[in-house]
Structures are given as structure tokens and as C-alpha cells.
1. Report, by residue number, each residue of region 17-32 that is within 15 Å of Leu92 (Cβ to Cβ) and modelled with pLDDT of 95 or more.
2. What number goes with the only condition from (1) of a type in the set (D, E, K, R); (2) surrounded by 13 or more Cβ atoms within 10 Å (Cβ to Cβ); (3) modelled with pLDDT under 95 that Glu94 does not pass?
3. Identify all residues within region 97-114 that are under 16 Å from Asp41 (Cβ atoms) and either surrounded by fewer than 12 Cβ atoms within 10 Å (Cβ to Cβ) or of a type in the set (A, V, I, L, M) (or both); write none if there are none.
Amino acid sequence: MEAKPQPQQPYDVTVESVGMAWEHAGPLFDRYSVNLVGRIDRRWAACYSSLGATEEYARFRLDPGAANVSFTCRSTDGPVQVMKVLKKLEALVETVNKRASQDLVSERQTRTNMDATLNRKSGLAGLLRLNSK
């Protein structure tokens, strides 16, 4: 019995807040940067850009090449406020994972349907050639 190939795993990017970097970003703001762990490809980055463009998530800046996200907070914000922002980023990343996974499934389904249509057409064309001889 032939084993079927396993479908590609859905996107599972996570925020790695343990190694969060911090720097001053002027007199009133601090910039934080966190690493992302998981597969970040064009599809995932495009979904991030689309969802991240909303006002709610505009503070987050993705650097897909470095697999990190940076954001700013007021210098007077304490750890509780920074953690709230991190939770918001985690929610964004979860939503991006779901959207990118849905897009992947849709793309595969479309490709499968197109392949099936092409196979039927080429099979029919071959039959028509045989019958015309």
C-alpha cells in the first residue's frame, strides 16, 4: 500500500517574547523588538501586511528577513502596558497564521481543480484524435 504524502503543515508562527530587545526611540518612546519563530514566507508576510495595515495593529512593524516585529511604547509605560501590547501582537500573529493557512488550502484546492480540468480536457482531446482516425 502506497503512503499518501502528508499535507504541508499549517502556519504556526509564534512570538518569542523571552528575548525581547529594547532601545530608546527618542525622548518619549521606547522601541521593542521580538523574534518570530516558524515559517515566514511570502504568503504569511502578505497576510501580515494586509491584517497589520489596520489602525489596531499599525504600531507593529514586520521585518520578514530578520523574522522579527518591532513596536513602540511610551517611555512612561510600565511592564504591564508592554505585556498588553505583546498580547495584541500574539493575537495578530494567530490571526495571520489562520488566514495564511486558509489561503494555502484555497490555493491547493484551486490548483487541484485546475489540474483535474486539464487532465479531463487532455484525455478528451486524445480520445477525439483516436476516434477521428
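The values are calculated or read from the model by the stated rules, or taken from the named source; none is laboratory data. This structure is a prediction, so every number in the text was calculated from the model and none was measured. Cβ placement follows ideal geometry from the backbone for every residue including glycine, while neighbour counts extend to all protein chains displayed.
1. Across region 17-32, the qualifying residue is only Tyr32.
2. For Glu94, the exception is condition (3).
3. Within region 97-114, Ala100, Leu104, Val105, Ser106, Glu107 meet the criteria.
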